[in-house]
Amino acid sequence: MSAEPDCRLRLRLRNGSDDTMDRLSALDASFLYGETPESPMHVAGLAIFDPPPADANVFVAFRDHLKSRLHLVPFFERKLALAPIQLDHPVWVHDNNLDLEYHFRHVSLPKPGTREQLETLVARLHMILLDRSRPLWQYYVIEGVEGGGFAIYIKMHHAGIDGGAGMAALPIIFATSPDPEPVQLPSPTTRDSRPPELFQLIRDSYDKFFTQQREFYQSWTDIGKAIAKVGQRVTEDLANPPRMLPIAPKTLFNASLSGPAIICNLHHLAS
């Protein structure tokens, strides 16, 4: 059995349903808020391959392979829609106008195509932030590697895909055999790629806010019981203080001698 259905399931659990407004969690949104030109928040991978057959068109082969499997990774077909005046975190919406020329790139190294040249090119590509008006990923086929090989560099924003989902996507991004099994295409559907309406976003934000407030106030009963229990325990302890046993002088002298040794041991562990 192909690994792709399992990967699709895991990725759908990560990214949510295709048909509902899927809002970013606070953790996922933090990767957007914390991103700067000096600190990109996308994750990336670089794979280097042996020389292909002489008549192979590497770029077309990889582009067509992933293009036929984009529907298996919902993140590849979704973009961000921002909440009005930042009332809440952004939501994911389907992109019906996916610009594959932006997402699939073809570059070549200048001769001789050394490893240092490849690493310099990838470092420069990694410095470029992803366009937030599009799905947050790009795929580069890099030819001209020394020895006749080629490389694949792919970057995806951490707000939409994490390490586990990225590992699940590997069998989709890269075929595990020279002749991968064909993938059944989804039935043609027309999905609305327009961002949710302003009032829909506001209503959703306020609904979540009031739900959190209601849950907070409902928890006061349990908080009150916990405070009362702690107060009762403190009252009982004050009413029945522990008896102080007399300490023999010899015991006290031994304790004072052992004190510095214990401190020294703790210092040794800390250092």
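Which condition does residue 164 not pass, out of (1) open to solvent by 10 Å² or more (accessible area, probe 1.4 Å); (2) modelled with pLDDT under 95; (3) outside any helix (DSSP H, G or I), if it passes all the others?
Failed condition: (3).
Filter region 31-42 down to residues that are open to solvent by 50 Å² or more (accessible area, probe 1.4 Å) and either among the aliphatic types (A, V, I, L, M) or in a loop (DSSP other than H, G, I, E, B) (or both), then give me how many there are.
Qualifying residue count for the region: 3.
Considering only residues that are of a type in the set (D, E, K, R) and out of contact with any Gly (no Cβ under 6 Å at 6 or more places or on another chain), look in region 139-161 and name the one that is most open to solvent (accessible area, probe 1.4 Å).
For region 139-161, the residue satisfying everything is 143.
I want to confirm something. Restricting to region 167-196 and keeping residues that are more than 17 Å from residue 70 (Cα to Cα) and open to solvent by less than 70 Å² (accessible area, probe 1.4 Å), which single residue is modelled with the lowest pLDDT? Can you show your working first?
To start, the set of residues in region 167-196 that are more than 17 Å from residue 70 (Cα to Cα) comprises 177-179, 192, 194-196.
Filter once more, keeping what is open to solvent by less than 70 Å² (accessible area, probe 1.4 Å): 177, 196.
Details: 177: 74, 196: 57.
Only one residue fits best here, namely 196.
Give region 81-138 a look and list any residue that's open to solvent by less than 80 Å² (accessible area, probe 1.4 Å), closer than 26 Å to residue 30 by Cα and in a helix (DSSP H, G or I), or say none.
Within region 81-138, 84, 102, 103, 122, 123, 125, 126 meet the criteria.
The values are calculated or read from the model by the stated rules, or taken from the named source; none is laboratory data. What you see is a predicted model; the values in this text were computed from it and never measured. Methodologically, a virtual Cβ is constructed for each residue, glycine included, from the backbone with ideal geometry; neighbour enumeration extends over all protein chains shown. In case anyone asks, the SASA skips ligands and DNA or RNA and just uses the protein heavy atoms, side chains included. Shrake-Rupley method; radii C 1.70, N 1.55, O 1.52, S 1.80 Å.
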